[in-house]
Every structure is written in C-alpha cells, then in structure tokens.
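S.K.: If you scroll down you'll find the structure; I have some questions about it.
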Amino acid sequence: MSERYLYMNGRLVPYSEATIHVQSNAVKYGTSVFEGVRAYWSERQQELYVFRLDEHCRRLFDSLKLMRMDHELTLDEMRHSILETLRKNEYREDVHVRQTAYVAADGNVEATGPTGLAVDARPRKMAGKALDICVSSWVRIPDTAMPPRIKCSANYQNGRLAALEAKAGGYDYTVLLNTRGKVSEAPGAAFFLVRGGVPTTPPLTADVLESITRTTLVQLFREQHGLTVAERDVDRTELYVAEEAFFCGSGWEVTPVASVDRLPLGQPAPGPLTRAIADTYFRAVRGEMPEYRGWLTPVYGRA
Ligand SMILES: Cc1ncc(COP(=O)(O)O)c(C=O)c1O
C-alpha cells in the first residue's frame with residue numbers, strides 16, 4: 001500500500017505529515033497518553049470490528065484527567081477519529097490502532113495544554129509463540145510515584161528497561177514485581193497464572209494498568225467456562241509452581257508463557273485453560289459469539 005493516512009487533530013493526513021514539534025511538551029517530558037486498540041477482520045461477515053471501542057475511549061479520558069491535561073475532546077470525536085482512520089485506509093485485515101493525546105505546547109514541565117489527538121492504525125498479527133520469561137530486576141512503578149493504572153507514555157520507560165534487560169539476558173519477555181514484592185504485570189500486558197485449576201490475576205491495586213482484556217477474560221472465564229478468576233496478590237515463587245501462565249492485552253491478545261526464570265511451568269504451553277480462554281477470546285473479538293456483539297463496533301456498517 002502507498003503511504004497510510006493518520007488522523008491528526010480533525011484531519012486525515014499522509015503519514016509523513018503527521019508530525020509535532022521537537023520542543024513540544026510531549027517530546028520534552030513525555031506528556032502524552034494513549035490507547036492501544038484492536039480491530040479484527042471477519043472474513044465471513046466481511047466486516048472490520050473494533051473491540052471495546054467505548055471502553056478504550058473512556059480510559060483515555062481517565063488518562064487525560066489523571067495527567068491533568070486540558071482538552072475539549074468529546075467521546076464522539078475519540079470514536080470518530082479511530083473509525084475514520086480505519087475507513088480511510090480501507091483495511092480488510094487485523095489492525096492495531098494507537099490513539100495518542102499529547103501536549104503540543106513548548107512550555108515548562110507544568111504545561112497542561114493545548115492537547116492534540118492523533119490516531120495511527122497499522123496491520124498487525126501476533127506470533128502466538130509461547131514465551132520464556134524472567135522476573136525483572138526492575139520494580140514496577142508504584143501508584144504513589146506514577147500512575148500505572150492509566151496509559152501515560154512516560155510510564156513505559158519503566159517497562160522498556162525491564163524488556164531490554166530481559167532481551168539482554170536471552171529471555172523473550174518479563175514480568176515485574178511491585179514495590180511490595182508481589183507480581184504486577186508485563187511491560188505491555190496483564191498477567192494471569194493458573195494454580196490448582198484456578199485462573200488467577202493480580203488485583204487492580206497491584207500497580208497494574210486497568211486492562212480491558214483482563215476484564216474481558218475475567219467475564220469470559222465466568223460466563224463461558226464456569227470459572228471464577230481469583231483476583232489476589234501473587235507471590236514471586238507462585239510463578240515457579242504454576243500449572244499455566246499467560247499474558248493478555250490488546251496488543252498481546254492471549255500469549256502463553258512456557259517458563260519463568262528457566263523453570264518450565266507445570267503444563268506444556270499453551271496449557272488447557274490458556275488454550276480454552278484464547279479460543280473463546282478470538283471467537284468473541286471476531287463477531288462469532290452473538291452474546292458479545294455489544295463489545296464490537298463495525299467499521300463499515302455492513303454487519
Ligand atoms: C502496561 C500494560 N499492562 C496491561 C496492558 C493490557 O491492557 P489492555 O487489555 O487494556 O490492552 C497493556 C497494553 O495495553 C499495557 O501496556
């Protein structure tokens with residue numbers, strides 16, 4: 001395809017024109033917040049579905065509020081910016097969308113606006129390979145220092161250090177402990193493990209993002225598999241004796257973990273519950289489960 005189009009403050013512009021100034025607050029201090037959203041192509045229905053669009057928009061509002069960014073964005077504009085970008089690029093395949101709100105002003109660190117809105121959407125498939133991971137020596141930023149609950153771009157320097165350390169050590173990815181020494185999440189994904197047949201995930205007070213996929217899987221486990229997810233603190237050593245583990249997120253979807261710190265999990269990955277929940281998730285996001293159609297926004301309006 002030729003150059004793709006991005007949404008930039010009310011206009012759809014070619015990729016090369018979607019730029020901001022090097023002296024903007026977003027560049028100087030990382031004053032930007034974002035969403036990572038998936039859209040899935042259904043061959044059968046000839047439709048592209050955005051997954052949980054309104055939930056992503058609402059979280060972006062939370063991020064803007066928490067980072068004290070001034071804006072006049074409406075829910076309509078947020079939704080429209082994503083849908084228009086997808087339509088303009090005429091995507092008929094799985095796509096990952098990044099929606100960013102940034103402080104464009106050349107001011108000091110306290111600048112709160114003006115805030116711009118940009119959307120980029122590009123085709124993306126996950127590899128799905130089971131990962132060998134390590135426990136990071138970097139500690140997850142605590143809610144008392146930076147807000148991991150929301151998607152502030154600056155938060156990601158914490159995860160970046162952890163991911164690079166893992167790569168340097170020969171691992172695929174990593175999970176971080178929080179300042180209390182409990183399991184939190186990966187640099188870019190929520191974390192689940194299975195112990196004694198119980199799917200388990202750290203609570204929202206464990207210095208984790210309020211992940212939309214995490215919430216989705218908790219509901220799907222309950223309604224489709226008759227399993228209540230335990231949302232509780234998880235110790236480091238539980239990672240080594242778990243039967244199964246997986247990451248989840250808009251970007252990572254459901255990605256199985258094979259080993260932690262070179263110790264293989266109890267079940268060869270992907271284990272049975274990981275496979276089951278991944279299968280349910282992918283059917284839901286592609287519009288194959290009528291009871292969850294409310295989670296999907298059709299892009300072309302054919303469905
Ligand atoms: C740090 C972090 N945790 C968890 C997630 C998963 O969140 P969600 O399911 O809302 O995409 C992401 C990615 O989006 C993330 O960046």
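S.K.: Quick one: what are the phi-derived ³J(HN,Hα) couplings along the stretch 262-274, Karplus 6.51/-1.76/1.60 with θ = phi - 60°, whole Hz, x for glycine and proline?
M.R.: My calculation for the stretch 262-274 gives 6, 9, x, 6, x, 10, x, 7, x, x, x, 6, 5 Hz in order.
S.K.: Related question: Rounded, prolate or oblate, given the Cα gyration tensor of the stretch 5-123, with a/c below 1.5 counting as rounded? Walk me through the numbers on the way to the answer.
M.R.: Details: a/c = 2.62, a/b = 1.77, b/c = 1.48.
It is prolate, given that a/c is not under 1.5 and a/b is the larger ratio.
S.K.: Further question on the same structure: Counting C-alpha atoms alone, how compact is the chain: give Rg to one decimal and Dmax as a whole number, in angstrom.
M.R.: When restricted to Cα atoms, the chain yields Rg and Dmax of 19.4, 54 Å.
S.K.: Around Ser250, which amide H atoms from residues at least 5 apart in sequence, or from another chain, sit under 5 Å from its own amide H, with H modelled in the peptide plane?
M.R.: Thr213
S.K.: Now for a separate question. Can you list residues whose amide H is under 5 Å from Thr174's amide H, if they're 5+ apart or on another chain and H is modeled 1.01 Å from N?
M.R.: Long-range HN contacts for Thr174: Cys134.
S.K.: Among 3-11, 96-104, how do they line up from the highest to the lowest mean number of other beta-carbon atoms within 10 Å?
M.R.: Details: 3-11: 17.6, 96-104: 21.9.
Going from most to least packed, we get 96-104, 3-11.
S.K.: Follow-up question, since we're still on this one. For Lys28, list the lysines whose Cα falls under 26 Å from its own Cα; do not include residues on the same chain fewer than 8 positions away.
M.R.: Counting by Cα, and skipping residues close in sequence, Lys28 has these lysines nearby: Lys65, Lys151.
S.K.: Ok, one more. Quick check on the stretch 161-236: take the gyration tensor over C-alpha atoms, sort the square-rooted eigenvalues as a ≥ b ≥ c, and tell me if it's rounded (a/c under 1.5), prolate or oblate. Write out the running numbers ahead of the final one.
M.R.: Values: a/c = 2.00, a/b = 1.83, b/c = 1.09.
Prolate is the answer for the stretch 161-236, as a/c is 1.5 or above and a/b outweighs b/c.
S.K.: Now for a separate question. To the nearest Å, what is the center-to-center distance of the stretch 18-72 and the stretch 160-222, using C-alpha atoms only?
M.R.: 21
S.K.: Is the stretch 40-84 rounded, prolate or oblate when judged by the Cα gyration tensor, a ≥ b ≥ c being the square roots of its eigenvalues, rounded requiring a/c under 1.5 and prolate requiring a/b larger than b/c? Please report the intermediate quantities before stating the final value.
M.R.: Values: a/c = 4.70, a/b = 2.58, b/c = 1.82.
Cα axes put the stretch 40-84 in the prolate bin.
S.K.: With the full set of protein chains in place, find how many percent of the accessible area of the chain is carbon and sulfur; take the probe as 1.4 Å. Walk me through the numbers before you get to the answer.
M.R.: Numbers: 6810 of 13410 Å².
Using a 1.4 Å probe with all protein chains present, the chain comes out at 51 percent carbon and sulfur.
S.K.: Return the sequence-ordered ³J(HN,Hα) values of the stretch 249-260 in whole Hz as given by the Karplus equation 6.51 cos²θ - 1.76 cosθ + 1.60 applied to θ = phi - 60°, using x for Gly and Pro.
M.R.: Calculated HN-Hα couplings, in order: x, 4, x, 8, 6, 10, 10, x, 10, 9, 8, 10 Hz.
S.K.: Among 79-89, 260-270, 242-252, what's the highest-first ranking by average C-beta atoms within 10 angstrom per residue?
M.R.: Numbers: 79-89: 19.4, 260-270: 16.4, 242-252: 23.1.
Ranked from most to least packed, the peptides come out as 242-252, 79-89, 260-270.
S.K.: Taking Cα centroids, how far is the stretch 91-120 from the stretch 124-143 in Å?
M.R.: The stretch 91-120 and the stretch 124-143 have Cα centres separated by 25 Å.
S.K.: Report, in deg cm²/dmol and to the nearest 500, the calculated mean residue ellipticity at 222 nm for the chain, where each DSSP H run with n ≥ 4 adds -39500 (n - 2.57) and the sum is divided by the residue count.
M.R.: Working: 7 runs with 80 residues, N = 303.
Calculated mean residue ellipticity at 222 nm is -8000 deg cm²/dmol.
S.K.: Pop out the ³J(HN,Hα) list for the stretch 116-132 in order, Karplus 6.51 cos²θ - 1.76 cosθ + 1.60 with θ = phi - 60°, rounded to Hz; leave Gly and Pro as x.
M.R.: Per residue, the Karplus-derived 3J(HN,Hα) values read x, 10, 10, 9, 10, 10, 9, x, 7, 10, 8, 6, x, 5, 6, 9, 9 Hz.
S.K.: Could you run the Debye sum over the Cα atoms of the stretch 131-285, one equal point scatterer each and no solvent, and tell me log10 of I(q)/I(0) at q = 0.15 Å⁻¹, two decimals?
M.R.: Summing over Cα pairs of the stretch 131-285 leads to -0.71.
The values are calculated or read from the model by the stated rules, or taken from the named source; none is laboratory data. Worth saying up front: this structure is predicted, and the values here are computed from it rather than measured. We place every Cβ from the backbone using ideal geometry, glycine too, and count neighbours over all the protein chains shown. Areas reflect the complete protein model, heavy atoms only, side chains present, ligands, DNA and RNA absent. Shrake-Rupley method; radii C 1.70, N 1.55, O 1.52, S 1.80 Å.
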